[in-house]
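The values are calculated or read from the model by the stated rules, or taken from the named source; none is laboratory data. If you're wondering where the values come from, they're calculated on a predicted model, not measured in any experiment. Cβ coordinates were reconstructed from backbone atoms using ideal geometry, including for glycine residues, and neighbour counts include every protein chain displayed.
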Amino acid sequence: MAGGAGAAAAIANAIKASGAIVRVEASDFQRILEKQDDPLVVVSVEWMFGQSHKYLTSYKGLTFFAKSTEPIHISSRCEIIESKKIWIPG
């Protein structure tokens, strides 16, 4: 029981540290990028039970996260940062 409480506390602390993260579908993520002039996108391709593409961007003070089995088309006007891993609490 103590292990579960410790894990819950760790997740709660991670959420406090990272702020609000909004999970959206890939199509909604693309629409958010289209609304921005010079978006910054963090991209990660991970392998666990298949390929997973993860994306983060910030818009109007919120952080948006999307996950997809297929790559999302990202415009050439976006600045891309490639990351080995994106971890989202919860």
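Residues of segment 37-59 being small (Gly, Ala, Ser) and assigned to a strand (DSSP E or B), which ones? Once the filter is applied, which keeps residues that are small (Gly, Ala, Ser) and assigned to a strand (DSSP E or B), segment 37-59 yields Ser44, Ser52, Ser58.
Selection of segment 60-90 for residues being part of a loop (DSSP other than H, G, I, E, B), at pLDDT 90 or above, exposed (fewer than 10 other Cβ atoms within 10 Å of the Cβ) and under 13 Å from the mean Cα position of the chain (by Cα) yields Lys84, Lys85.
Yes/no per residue for (1) surrounded by 12 or more Cβ atoms within 10 Å (Cβ to Cβ); (2) modelled with pLDDT under 90:
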{"residue": "Ala9", "(1), (2)": "no, yes"}
{"residue": "Lys35", "(1), (2)": "no, no"}
{"residue": "Pro39", "(1), (2)": "yes, no"}
{"residue": "Val43", "(1), (2)": "yes, no"}
{"residue": "Ser52", "(1), (2)": "yes, no"}
{"residue": "Leu56", "(1), (2)": "yes, no"}
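Criterion applied to Thr63, Thr69 was being free of Cβ contacts under 8 Å to residues at least 24 places away in the same chain, closer than 19 Å to Ser27 by Cβ and in contact with a Gly (Cβ under 8 Å, 6 or more places away or on another chain), and the one residue passing it is Thr69.
The conditions of being assigned to a helix (DSSP H, G or I) and touching a Ser or Thr at 6+ places or on another chain (Cβ under 7 Å) are met by Leu33.
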